[in-house]
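Visitor: Take this structure, written in structure tokens, and hold onto it; I'll ask about it next.
The values are calculated or read from the model by the stated rules, or taken from the named source; none is laboratory data. Predicted model, so just to flag it, every value in this text is computed and none were measured. Cβ coordinates were reconstructed from backbone atoms using ideal geometry, including for glycine residues, and neighbour counts include every protein chain displayed. For accessibility, only protein heavy atoms count, side chains too; no ligands or nucleic acids. Shrake-Rupley method; radii C 1.70, N 1.55, O 1.52, S 1.80 Å.
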Amino acid sequence: MPLPTLALPLTDAGFVRDPYPLLAEVREQTPAFRDPHLNRVFLTRHADISAVLRDKRFGRSVLHRYSRDELGWPLPDPKQAHFDAFNSNHMLDSEGEKHARLRSLVGMAFTPRRVESLTGRIETLLAAQLEGLREGGAFDLVSAYAEPLPVTVIAELLGVPEAERGGLRPWSAAIVRLYEPTHTPEDQAGAERAVLEFGALLRDLAAQRRREPQDDLITALVQAEQDGDRLTEQELIDTCILLLNAGHEASVNGLSAGVLALLRDQEAGGSLWQTLVQAAPHVESLPLFRRAIEELLRYDTPLPLFERFALEDTVLHGESLKAGDKVALLYASGNRDPRRFDAPDSLNLNRDPNPHLTFGLGSHYCLGAPLARLELALSLRALCRALPGLRLADAAAPAEYVGGFVIRGLARLDVVAD
């Protein structure tokens, strides 16, 4: 039996600002549906999303099995040739042996030990950022606090010189706009330009590291080898672009949305912010902040929608899918599913277990999740220590979001440090 049809208002500013009431309604009444305009099947429930993420019939790419002709797809758009080449070369949009190979080689450089070794450096960077904010007054938490750290950390981790970092955030923002289902020709041109410009910088840096190795991720990726296999130059460049994008988008948006949720709770008479403030000075408080971050990432998901391709003709919820058809997974809805979480619309900083979907599941589970979790926990703890009297500048003002629903982030968050 075919699925019902429904079109979510993914570009509507009101929906992007607060998608949860409508998602709750759809999750209960139409848990699986087809959007006739975007030609995708959407899933809203945690169990269904989890199942697809683990199901070998679905993947991030399908072109490793079929040609475009076999799928009935049009020829690639030459206006985004470099963007498409970037997507075909990195591990996030690869499958099968290629994905396993790339993930293994990158994993050799992007180790848990390397991530944990960044703790001291992250804390030093946070202290410097907060020094100028301690004086009090109003500021935009997104630009003044949430953005600088993850961009600096991923730049230092990769080994991008400080003088070359000015384009990193704009390049990343331009590239991820093309993942929105309703991107514009301007978005397409911007993403193509960003891939070319960042790629040129990385090509120069990779050549330098081959001549003069340093203690950074680009050097580690240049040197990574398994059974005589290494990354090609283009694979290395595209992997670094991916690490830039994935290495800070979720952190910037996750911290901003998390602080907004905590300060809104405070305005409503809640005690969550004060609980964290009271715990922050203590060395042993990091586990509490790690749990808090897990809950904040569940409560307001920074990457609300991911997609998978059907890798073969199959049936999903009674709907016949052909190889190459897309399935849209609404992480933001699954993370608020009452079938999986008690009181899902309430914040519980001690929620345990907390099987949220934010970092994915299965073979494509986010390789950078440990770094994002570390950055977020340390950032939130440092903020609570330094600015315990933080409050919203205008509690009645609606939040403004930049971009769309796929990469959902606050444009700014005006706060006051009392």
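Visitor: Filtering the stretch 125-137 down to residues that are part of a loop (DSSP other than H, G, I, E, B) and among the small types (G, A, S), which residue is least open to solvent (accessible area, probe 1.4 Å)?
Guide: So the residue we want is G136.
Visitor: Looking at F289, F306 in this structure, which one is closer than 23 Å to Y365 by Cβ and open to solvent by 40 Å² or more (accessible area, probe 1.4 Å)?
Guide: Working: F289 fails: open to solvent by 40 Å² or more (accessible area, probe 1.4 Å).
Sole residue among the options that is closer than 23 Å to Y365 by Cβ and open to solvent by 40 Å² or more (accessible area, probe 1.4 Å): F306.
Visitor: Separate question: Considering only residues that are open to solvent by 20 Å² or more (accessible area, probe 1.4 Å) and closer than 24 Å to F359 by Cβ, look in the stretch 266-286 and name the one that is farthest from the chain's Cα centre (by Cα).
Guide: L272
Visitor: If V222 satisfies every condition in (1) among the β-branched types (V, I, T); (2) more than 21 Å from N335 (Cβ to Cβ); (3) touching a residue at least 24 places away in the same chain (Cβ under 8 Å) but one, which is the exception?
Guide: (3)
Visitor: Can you tell me how many residues in the stretch 374-386 are open to solvent by 10 Å² or more (accessible area, probe 1.4 Å) and of a type in the set (A, V, I, L, M, F, W, C)? First the steps, then the outcome.
Guide: The initial filter retains those residues of the stretch 374-386 that are open to solvent by 10 Å² or more (accessible area, probe 1.4 Å), namely 381-382, 385-386.
Still in the running and of a type in the set (A, V, I, L, M, F, W, C): 382, 386.
Total satisfying the criteria: 2.
Visitor: Against the condition in contact with a Gly (Cβ under 7 Å, 6 or more places away or on another chain), surrounded by 13 or more Cβ atoms within 10 Å (Cβ to Cβ) and charged (D, E, K, R), how does E95 come out, does it pass? Walk me through it before giving the result.
Guide: On the way: in contact with a Gly (Cβ under 7 Å, 6 or more places away or on another chain): yes; surrounded by 13 or more Cβ atoms within 10 Å (Cβ to Cβ): yes; charged (D, E, K, R): yes.
Answer is yes for this residue.
Visitor: For the stretch 354-373, state whether one or more residues are at pLDDT 95 or above and open to solvent by 60 Å² or more (accessible area, probe 1.4 Å).
Guide: Checking the stretch 354-373: not a single residue is at pLDDT 95 or above and open to solvent by 60 Å² or more (accessible area, probe 1.4 Å).
Visitor: Scanning for something more than 20 Å from the chain's Cα centre (by Cα), on the phi < 0 side of the Ramachandran plot, open to solvent by 70 Å² or more (accessible area, probe 1.4 Å) and at pLDDT 90 or above, does the stretch 103-112 turn up at least one residue? Please lay out each step first, then the result.
Guide: Applying the first criterion (more than 20 Å from the chain's Cα centre (by Cα)) to the stretch 103-112 yields 104-105, 108-109.
Restricting the remaining residues to those that are on the phi < 0 side of the Ramachandran plot gives 104-105, 108-109.
Pick out the ones that are also open to solvent by 70 Å² or more (accessible area, probe 1.4 Å) and you get 108.
Going one step further and asking which of them are at pLDDT 90 or above, we end up with none.
Within the stretch 103-112 (the criterion being more than 20 Å from the chain's Cα centre (by Cα), on the phi < 0 side of the Ramachandran plot, open to solvent by 70 Å² or more (accessible area, probe 1.4 Å) and at pLDDT 90 or above), the answer is no, since none of the residues qualifies.
Visitor: Quick one: would you say Y331 is under 16 Å from the mean Cα position of the chain (by Cα), aromatic (F, W, Y) and either surrounded by 22 or more Cβ atoms within 10 Å (Cβ to Cβ) or at pLDDT 95 or above (or both)? Quick ask: steps written out before the conclusion?
Guide: Values: under 16 Å from the mean Cα position of the chain (by Cα): yes; aromatic (F, W, Y): yes; either surrounded by 22 or more Cβ atoms within 10 Å (Cβ to Cβ) or at pLDDT 95 or above (or both): yes.
It is true that Y331 is under 16 Å from the mean Cα position of the chain (by Cα), aromatic (F, W, Y) and either surrounded by 22 or more Cβ atoms within 10 Å (Cβ to Cβ) or at pLDDT 95 or above (or both).
Visitor: Here's a follow-up. Sort out which residues of the stretch 21-39 are over 16 Å from G318 (Cβ atoms), open to solvent by less than 50 Å² (accessible area, probe 1.4 Å) and at pLDDT 95 or above, and write them in order of number. If you could, list the steps in order and put the result at the bottom.
Guide: Going through the stretch 21-39, the residues over 16 Å from G318 (Cβ atoms) turn out to be 21-29, 35-39.
Next, only the ones that are open to solvent by less than 50 Å² (accessible area, probe 1.4 Å) stay: 23-24, 26-27, 35, 38.
Of everything in the stretch 21-39, those that are over 16 Å from G318 (Cβ atoms), open to solvent by less than 50 Å² (accessible area, probe 1.4 Å) and at pLDDT 95 or above turn out to be L23, A24, V26, R27, D35.
Visitor: Something else about it: Please specify each residue of the stretch 138-161 satisfying the condition of being within 20 Å of the chain's Cα centre (by Cα) and outside any helix (DSSP H, G or I).
Guide: Answer for the stretch 138-161, where residues must be within 20 Å of the chain's Cα centre (by Cα) and outside any helix (DSSP H, G or I): just E147.
Visitor: Sort out which residues of the stretch 242-265 are open to solvent by 20 Å² or more (accessible area, probe 1.4 Å) and farther than 20 Å from L374 by Cα, and write them in order of number.
Guide: Residues satisfying the conditions are R264, D265.
Visitor: Turning to a different aspect of this structure: Picking from L53, L71, L92, which residue would you name as being on the phi < 0 side of the Ramachandran plot and modelled with pLDDT under 90?
Guide: Details: L53 fails: modelled with pLDDT under 90; L71 fails: modelled with pLDDT under 90.
The conditions single out L92.
Visitor: Please indicate, with yes or no, whether at least one residue in the stretch 43-62 is closer than 21 Å to D337 by Cβ and touching an Asp or Glu at 6+ places or on another chain (Cβ under 6 Å).
Guide: Of the stretch 43-62, the ones closer than 21 Å to D337 by Cβ are 43-55, 58.
Narrowing further to those that are touching an Asp or Glu at 6+ places or on another chain (Cβ under 6 Å): 45-46.
Yes, that holds for at least one residue.
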